[in-house]
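What follows is a single structure, written as structure tokens, with notes after it.
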Amino acid sequence: MNLFTIGTNYYIGSMVPVVLRAGNNCESNIDDRYRFIFISKGVGMIETESGFSPFIAPTLCCINEKESIRIQSTQEYNLIELVYHPEFLNPFFDYKSMKTTPQAYIEDYPHEAAWLNAFSKRSSNYKGVININSGISLRIENLLIQIDNELTVQRDWYWPCRTRSLLLELLLVIDRIFVEPSANDSIILSDNYKIINDIIMYLLNHYHEKIQLTQLTEEFNINRTSLNEYFKKVTGHTVMSYLMNLRIHLAMAMLRDTALQVSEIMYRVGFINTSHFVRSFKKISGTSPLEYRKIHTWLYK
């Protein structure tokens, strides 16, 4: 398998370490790459070094550079596979540094480091396989389609940065699915609070759209007071505070790791008013978006 996308329209001849393909089969292992495998159809068993995991599509597999994968199914299954090197996100994300100086890696790039946990962390309960619901499935599939379009069409000089930004969005969604269910199982998995998981998944699916609290109370048939009370017990935030943090931290990652214009980033994470975006960004990060980029981006250093 070719492990690079070659620049054809812009940055002609450049080799970008990310590729995407679709089909009904995948190689057992690919050295030196992380692999995101989205299984959209099928039922069966997935084998990795960590063991066996049953799956009923839609399912995600987050495979690191040392792992192999084998999908066993008596039925036809379909998948989309995104293969990338972490250095595509940030040139400091080479495997040696991530393993030999993990504390520095985490302290310098806390959000990106966390967003890669689904690929690197393993436990008795997590073997790299995540079963998801249909709502999140649609969001992930849409992001993959956009990535494929950027890699194929290469419509302007920003195609590598826009691809990187879409991958960051994808990693954010994966991280929230990976983290939230284990945050406080005794609360989240109880009958009284299960609805909060559904709301978190809804926010992940629609954070780029206009979302109001009344819309959520109607969608999930819960009153405003109970919604915020339950949500804060589970997440530590009110609903709108959680949504704001989600949007701003994604914007921070895009400012650090891409050269996209601030206006495009603003719209991508769900803001339509520039002053509101700048004010909200400064409240959480302590600086304006332009100041944050100047201080933290690696692209111009």
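Laboratory data are not the source of any read-out in this text; all were calculated from the coordinates shown. It should be emphasised that the depicted structure is a prediction, and the values quoted were computed from it without experimental measurement. Heads up, the Cβs are rebuilt from the backbone with ideal geometry, glycines too, and the neighbour counts pull from every protein chain shown.
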With unit charges on the beta carbons (Lys and Arg positive, Asp and Glu negative) and the dipole taken about the Cα centre of the chain, which residue among Leu3, Ser285, Asn133 sits farthest to the positive side?
Ser285
Taking other Cβ within 10 Å of each residue's Cβ, how do Ile69, Ile295, Ile147 sort, fewest first?
Ile295, Ile69, Ile147
Restricting everything to alpha-carbon atoms, can you work out Rg to Rh for segment 184-296 with a Kirkwood hydrodynamic radius?
1.03
Neighbour-count ranking [beta-carbon atoms within 10 angstrom, fewest first] of Tyr77, Tyr95:
Tyr95, Tyr77
Only helical DSSP H runs with n ≥ 4 go in: add -39500 (n - 2.57) per run for the chain, normalise by residue count and round the 222 nm mean residue ellipticity to 500 deg cm²/dmol.
-15000 deg cm²/dmol
So, by mean Cβ neighbours within 10 angstrom, what's the order for 159-165, 120-126 with the highest one leading?
159-165, 120-126
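If you average the sequence gap of Cα pairs under 8 Å that are 6 or more apart and divide by the length of the chain, what percent do you get for the contact order?
The normalised contact order for the chain reaches 14 percent.
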Given the chain, longest segment not containing exposed loop GluC sites (Glu not before Pro) (DSSP; at most 10 other Cβ within 10 Å)
77-208
Quick one: of Lys41/Lys232; Lys41/Lys96; Lys96/Lys127; Lys210/Lys232; Lys233/Lys283, which pairs are farther than 25 Å apart, Cα to Cα?
Lys41/Lys232; Lys41/Lys96
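So for the chain, Kirkwood radius off the Cα pairs, Stokes-Einstein at 4 °C and 1.567 mPa s: how many µm² s⁻¹?
Calculated translational D: 64 µm²/s.
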Can you tally the net charge around Phe52? Count Lys and Arg as +1, Asp and Glu as -1, for every other residue whose Cβ sits under 14 Å from the Cβ of Phe52.
0
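For segment 5-157, calculate the relative contact order in percent as a whole number, restricting contacts to Cα pairs under 8 Å that are 6 or more residues apart. The partial results should precede the final answer.
Working: 249 pairs, mean separation 44.6, N = 153.
In percent, rounded to a whole number, it is 29.
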Run through the DSSP bridge list for the chain and note the antiparallel percent, rounded to the nearest 5.
100 percent
Compute the distance in nm between two label points, each set 7 Å from the Cα along the Cα-to-Cβ direction, one at Gln146 and one at His276.
1.9 nm
Report, to one decimal in Å, the Kirkwood hydrodynamic radius for segment 1-63 based on all distinct Cα pairs.
13.8 Å
